[in-house]
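The values are calculated or read from the model by the stated rules, or taken from the named source; none is laboratory data. It should be emphasised that the depicted structure is a prediction, and the values quoted were computed from it without experimental measurement. When we count neighbours, we look across all protein chains shown, and the Cβ atoms used for this are built from the backbone with ideal geometry, even at glycine.
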Amino acid sequence: MRALALSALVAVLACFAGEAAAGAVPAKKPATVQIAIEGMKYAIADAAVKPGDTIVWTNKDIVAHTVTSTSGAFDSNLIAPGGTWKYVVKKKGSFAYKCNYHPQMTASFTVR
């Protein structure tokens, strides 16, 4: 019985070793992209991200701002000075956004 269990364990380990030797690539963890809101602008005008990544906006200004999709896909509501807002991107495409209170503040991110 013990010999059977040992041979089964050896077979399982051999399978894992074969996958590693065959060049199996481990899945990458989703990234976190930081975007500062400072000087009445978004620090990155066009961020490039992948599905599953998280974008974190940090308001470093002395007034509140929003991160509001121009297509209605997302809205942070007010981000107070010193506050943050996170958004996990899900689907590919380009997404433009703006601050509802300061229309000159615009940016976008592209999900590839």
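Details
- Flag if residue 12 is modelled with pLDDT under 95, over 13 Å from the mean Cα position of the chain (by Cα) and closer than 20 Å to residue 112 by Cβ: no
- Within the range 77-88, being within 15 Å of residue 47 (Cβ to Cβ) and surrounded by 15 or more Cβ atoms within 10 Å (Cβ to Cβ) holds for 85, 87.
- Taken over the range 60-112, the criterion of being in a loop (DSSP other than H, G, I, E, B) and of a type in the set (Phe, Trp, Tyr) is satisfied by 74, 101.
- Taken over the range 72-94, the criterion of being among the polar types (S, T, N, Q) and in contact (Cβ under 8 Å) with a residue 24 or more places away in the chain is satisfied by 84 alone.
- Filter result (of a type outside the set (D, E, K, R) and loosely packed, with under 14 Cβ neighbours inside 10 Å) within the range 31-51: 31, 32, 34, 39, 40, 45, 48, 51
- In the set (1) more than 19 Å from the chain's Cα centre (by Cα); (2) assigned to a strand (DSSP E or B), the condition left unmet by residue 55 is number (1).
- Any hit, the range 99-106, residues being among the aliphatic types (A, V, I, L, M), within 30 Å of residue 28 (Cα to Cα) and either surrounded by 13 or more Cβ atoms within 10 Å (Cβ to Cβ) or at pLDDT 95 or above (or both): no
- Every test in (1) exposed (fewer than 12 other Cβ atoms within 10 Å of the Cβ); (2) in contact with an Asp or Glu (Cβ under 7 Å, 6 or more places away or on another chain) is passed by residue 91 save one, and that test is (2).
- Inter-residue pairs, beta-carbon under 6 Å, first more than 8 Å from residue 65 (Cβ to Cβ) and in the range 95-108, second among the charged types (D, E, K, R) and surrounded by 14 or more Cβ atoms within 10 Å (Cβ to Cβ), 6+ apart: 106/98
- Residue check for residue 49: within 15 Å of residue 110 (Cβ to Cβ) and either modelled with pLDDT of 95 or more or among the hydrophobic types (A, V, I, L, M, F, W, C) (or both): yes
- Residue 69 being surrounded by fewer than 19 Cβ atoms within 10 Å (Cβ to Cβ), without any contact (Cβ under 8 Å) to a residue 40 or more places away in the chain and under 12 Å from residue 100 (Cβ atoms): yes
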